[in-house]
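Shown next, in structure tokens, is the structure this report addresses.
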Amino acid sequence: MPGENAEAVVSSWAGHHTDILRFATAGSVDDGKSTLIGRLLFDSKAIFEDQLAAVERTSRARGEEYTNLALLTDGLRAEREQGITIDVAYRYFATPRRKFIIADTPGHIQYTRNMVTGASTADLAIVLVDARNGLTEQSRRHAFLATLLRVPHLVLAVNKMDLVGYDPEVFERIAEEFSSFATKLEIADLTFIPISALHGDNVVQRSANMSWYDGPSLLHHLEHVHIASDRNLIDVRFPVQYVIRPHQATDPKLHDYRGYAGQVAGGVIKPGDEVMHLPSGFTTTVKRIDTAHGPVEEAFPPMSVTLVLGDDIDISRGDMICRPHNQPSATQDVEAMVCWMSESRRLSARDRLIVKHTTRTAKAIVRDLHYRLDVNSLHRHEGASDLSLNEIGRVTLRLTHPLFCDPYTRNRQTGGLILVDEATGATVGAGMIAEKG
């Protein structure tokens, strides 16, 4: 999926800690996303004094009577001047309980691709709604995109409660309306929280102004939401990223070392397990699991490890290690929901592209464009001839060699792919592999 450079930053920042919550924020323009993130950073003591001083100065220069915490996150000058968020910005903060990675995504419909980028790796999505306006078309679109991307946890944060007098009936009405819309979507875990990002009500601390609300504050929910079981721990999937052959003559142990490095995309792997290599179909056993911190007794998503196997098999980048009786599909015909991200070209039948899937790369042709999806009404336009920027549709791709894949609903790692322009090397789309049929 997209956002590979950001992923590298995230990986280095995260180190070897596993309790990290990635969450994406979405909402219409002026619903208060940037203020909410600024409030989270400010109240959890995650900003420096000079940052705060700079924000206070800018707030005064703009004639604002309060410290505008939204300025903490709207880092681009163009954004600050317009007072809007126009790109995905990644923020990092931590509390004693957990580390957090925030993908702050813009609200405009023309930035659907940015929302897809930010939410594609998120464990949780916060959809902000302005209490005065209630649910809008954009609120529904953001919720739909979050469920399309299989974000396991969704929070509807009803913001600006201070502007409706902290009225519980306003909150209840929005929650009921959204609950009825949510029945059309597949939402595994849905939480409603009334907040005021500007004043900090129910953001980090429980609000004295909303004694009628007996749920947790937003940060408390983020700290305690259970994400360990969200990853697929049943189907073993290990896409090989790199073959490690040190050939160090000075160290006899390393002279014959052959390890297969990669990130566990599914299942739990232990020494002694029987595994199968694809595409060869040969089976062997896991001899040892190495990490940067030494050998481990088990590996699970999203750990990056090196597998040492019991037999010499010809394995290279792009190959897959799985269980003998639980294999991904090996197919050259892939059906996927695609979000088109290119401004310079459209996606049509017979187009040629490069597909990147886990660690494997293949050339592809678009065999069919089945329909374009209206993300606001969920209506399918069966007669669509192409997809333009930010549009989503279902396509069939024919590949030059097979992908080892699962449906996106089963595994977001082995079910996600990106589409690349052959000529320019630019990412032009992101895809979610669909169930057959």
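Structure summary
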read-out: Mean separation of Cα contacts under 8 Å, 6 or more apart, over the residue count of the stretch 216-335: relative contact order %; value: 29
read-out: Across Lys356/Lys436; Lys99/Lys270; Lys253/Lys363; Lys184/Lys363; Lys99/Lys363, pairs whose alpha-carbon gap is larger than 30 Å; value: Lys253/Lys363; Lys184/Lys363; Lys99/Lys363
read-out: Neighbour net charge for Asn376 - beta-carbon separation under 15 angstrom, K R +1, D E -1; value: +2
read-out: Dipole magnitude of the stretch 282-437 about its Cα centre (Cβ charges: Lys, Arg +1; Asp, Glu -1), debye to nearest 20; value: 240
read-out: Accessible-area value, Lys356, 1.4 Å probe, nucleic acids and ligands omitted, Å²; value: 80
read-out: Cα lying deepest toward the dipole's positive end in the stretch 311-427, options Leu389, Pro324, Ile354, charges on Cβ; value: Leu389
read-out: Surrounding net charge for Gly318, when Lys and Arg each add one and Asp and Glu each subtract one, Cβ distance under 12 Å; value: +2
read-out: R0 of 35 Å, Cβ-Cβ distance Glu176-Gln241: FRET efficiency to nearest 0.05; value: 0.15
read-out: Shape of the stretch 211-355, Cα gyration tensor, a/c cut at 1.5; value: oblate
read-out: Net lengthening on full extension, Ser44/Leu185 (0.36 nm per residue, minus Cα-Cα); value: 47.4 nm
read-out: Whichever lysines have a C-alpha closer than 23 Å to that of Lys160, once near sequence neighbours (fewer than 8 apart) are set aside; value: Lys33, Lys45
read-out: √(5λ) per eigenvalue of the Cα gyration tensor, the stretch 84-234, largest first, Å; value: 23, 19, 16
read-out: Residues Arg132 and Val268, FRET efficiency given R0 of 51 Å [Cβ-Cβ distance, rounded to 0.05]; value: 0.60
read-out: Shape call, the stretch 305-357: gyration tensor on alpha carbons, a/c limit 1.5; value: prolate
read-out: FRET efficiency, Leu233 to Arg57 (Cβ-Cβ, R0 56 Å, nearest 0.05); value: 0.70
read-out: For the stretch 156-295: span of alpha carbons on each principal axis (Å, largest first); value: 74, 36, 21
read-out: Compactness of the stretch 279-398 - radius of gyration and Dmax, Cα, Å; value: 19.7, 56
read-out: Percent of C-alpha pairs per 5 Å bin, the stretch 341-420, short to long; value: 3, 15, 21, 25, 21, 12, 2, 0
read-out: Convex hull volume per residue for the stretch 264-317, taking Cα atoms only, in Å³; value: 86
read-out: Cα gyration tensor shape for the stretch 184-245, rounded if a/c is under 1.5, else prolate or oblate; value: prolate
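The values are calculated or read from the model by the stated rules, or taken from the named source; none is laboratory data. Just so it is clear, the model here is predicted, and its values are computed rather than measured. Note that we place each Cβ from the backbone using ideal geometry, even for glycine, and neighbour counts take in every protein chain shown. Side chains included, ligands, DNA and RNA excluded: accessible areas come from the protein's heavy atoms. Shrake-Rupley method; radii C 1.70, N 1.55, O 1.52, S 1.80 Å.
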